[in-house]
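Comments concern the structure below.
The values are calculated or read from the model by the stated rules, or taken from the named source; none is laboratory data. Keep in mind that what you see is a predicted model, and the values were worked out from it rather than measured. Here Cβ is always computed from backbone atoms with ideal geometry, including for glycine, and neighbour counts include all displayed protein chains. Note: accessible area is taken over every heavy atom of the protein model, side chains too, but ligands, DNA and RNA are not part of it. Shrake-Rupley method; radii C 1.70, N 1.55, O 1.52, S 1.80 Å.
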Amino acid sequence: MNRTTAKPFTVMDEFELIKAATDYSLEQDENGRISGNFYHCKLTSAFQVILDIHENKIIGHAAYIRSESNGEVSLWPWQVFALASKDEQLIDLDRLCRAIHALNYFKKNFDINTGQLFLSVHPRLLSSIQNEHGRTFKDFLDLTGISTSRVVIEIPPALNHDWKLLQKLIINYRSYGYQVALNFSSTNGHWLLGTDDLHPDILIVQAHELLQYQMNDYPEDNSTRDAGFRLHVRKIETQEQLTAAKQAGAHYLQGNFLGKAV
């Protein structure tokens, strides 16, 4: 009589279950850090703290992709994305980066119960996908048990000229529960122009751009609160820029002066 030997049953850990349910090229090292592969690049995450000036505490982190070779940075983010010459490649790369960030942030390194994860999206991806922005990433987050309300999607300033697309993106992402941040562009003139029509959750302004305005051009703290969004000042490198951010009524602060991405 022929007997078949039953294969031993093994319980897969959470990462293996997530990996099996997706087609992302993901790896996990002995320290639990998640990385992914795109062409010959090993991609992983760096996070920079975001401070809430009113509550005087860290409320989240901004995620940045890093390409490594033998533990050293091999390519900068723009160089990695330049490898994705076709829209299909770009979509795969952008989704891979968000998956890496989400797993590293929520599952391994940071407090799963509190922090907000700020994620940027490549402008070409937003233009190439016609509908259902944010749905694929929501499906991935559902696998991990992470709520979309913990994620802030940053719309790049390259799209600020397309008002209809911005409105569509905000509506799409909000319908899936994300928060939405717009990036200020100096080509718009006054830095509050148009926010009443778009109603972002957060407006991101680079610290050096604040210094281009006279002090009487800054809104008072009540003005930003009445506008219905939180002001997020990024790339604070000096005490002068930090002072300008506070005088502008900023809610959130970020930059190397406060803590480098690690």
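For region 196-234, filtered to residues that are within 27 Å of Asn256 (Cβ to Cβ) and assigned to a helix (DSSP H, G or I), the residue that is modelled with the highest pLDDT is Ala207. The residue pairs whose first member lies in region 229-246 and is in contact (Cβ under 8 Å) with a residue 24 or more places away in the chain, whose second member is surrounded by fewer than 22 Cβ atoms within 10 Å (Cβ to Cβ) and of a type in the set (Ser, Thr, Tyr), and whose beta carbons are closer than 7 Å, counting only pairs six or more residues apart or on different chains, are Phe229/Thr195; Leu231/Thr224.
Considering (1) within 28 Å of His133 (Cα to Cα); (2) modelled with pLDDT of 90 or more, say which one Leu83 fails and leave the rest. Status for Leu83: all satisfied but (2).
In region 154-187, which residues are small (Gly, Ala, Ser) and either out of contact with any strand residue (DSSP E or B) (no Cβ under 9 Å at 6 or more places or on another chain) or assigned to a helix (DSSP H, G or I) (or both)?
Across region 154-187, the qualifying residues are Ala158, Ser175, Ser185, Ser186.
Go through region 27-72 residue by residue and tally those that are in a strand (DSSP E or B), over 21 Å from Asp92 (Cα atoms) and open to solvent by less than 40 Å² (accessible area, probe 1.4 Å). Adding up the residues that qualify gives 8.
Among the residues of region 231-247, those that are open to solvent by less than 10 Å² (accessible area, probe 1.4 Å) and among the hydrophobic types (A, V, I, L, M, F, W, C) comprise Leu231, Val233, Ile236, Ala244, Ala245. Going residue by residue through region 59-69, is there one that turns out to be under 23 Å from Tyr178 (Cα atoms) and either of a type in the set (Asp, Glu) or at pLDDT below 90 (or both)? So far as region 59-69 goes, no, none of its residues is under 23 Å from Tyr178 (Cα atoms) and either of a type in the set (Asp, Glu) or at pLDDT below 90 (or both). A Cβ distance below 6 Å, combined with a sequence gap of six or more or placement on separate chains, defines the contacts here; from region 76-91, residues that are without any contact (Cβ under 8 Å) to a residue 60 or more places away in the chain reach residues that are of a type in the set (S, T, N, Q) and part of a helix (DSSP H, G or I) in the pairs Asp87/Ser128.
Taking every residue in region 3-25 that is modelled with pLDDT of 50 or more and pairing it with any residue that is open to solvent by less than 100 Å² (accessible area, probe 1.4 Å) and in a loop (DSSP other than H, G, I, E, B), at least 6 positions away or on another chain, the pairs with Cβ-Cβ distances below 8 Å are Ala20/Met12.
Taking the criterion of being open to solvent by less than 70 Å² (accessible area, probe 1.4 Å), at pLDDT 90 or above, more than 20 Å from His199 (Cβ to Cβ) and touching a Lys or Arg at 6+ places or on another chain (Cβ under 7 Å), would at least one residue in region 128-140 satisfy it? Yes: one or more hits.
Checking each residue in region 160-183 for being surrounded by 15 or more Cβ atoms within 10 Å (Cβ to Cβ) and within 16 Å of the chain's Cα centre (by Cα) picks out Leu169, Ile170, Tyr173, Arg174, Tyr176, Tyr178, Gln179, Val180, Ala181, Leu182, Asn183.
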